[in-house]
């Protein structure tokens, strides 16, 4: 909500309104027992945006990295399976 308010329907949200939202979440986090060192909403709107951006960048880059590894692994496994199938199925024909 803080980074991209327009994508969540807050098209004309002002910085003052977003600052109030961040403060609300900071207080709610405190009431839920989140330690201040882990509460990303403490410190105001700009600091919260920086923390959210850093978190989003790390999650997105990690997700892309692992999804590409998983995709490559699936391709390798399927290729090996097809080669083994080809070898066992057609090996007897040419002998």
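The values are calculated or read from the model by the stated rules, or taken from the named source; none is laboratory data. This one's a predicted model, so the numbers in the text were calculated from it and none came from an experiment. Backbone-built Cβ (ideal geometry, glycine too); neighbour counts: all protein chains shown.
Among the residues of the range 31-56, those that are part of a loop (DSSP other than H, G, I, E, B) and more than 20 Å from the chain's Cα centre (by Cα) comprise 32, 33, 34, 35, 42, 43, 44. Residue pairs, Cβ under 9 Å, 6 or more apart or interchain, first in the range 22-48 and at positive phi and surrounded by fewer than 14 Cβ atoms within 10 Å (Cβ to Cβ), second part of a helix (DSSP H, G or I) and modelled with pLDDT of 90 or more. List them. Between residues of the range 22-48 that are at positive phi and surrounded by fewer than 14 Cβ atoms within 10 Å (Cβ to Cβ) and residues that are part of a helix (DSSP H, G or I) and modelled with pLDDT of 90 or more, the close pairs are 44/19; 44/22; 44/23. One residue stands out among those in the range 4-19 that are in a loop (DSSP other than H, G, I, E, B) and surrounded by 13 or more Cβ atoms within 10 Å (Cβ to Cβ): the one that is nearest to the chain's Cα centre (by Cα), which is 10.
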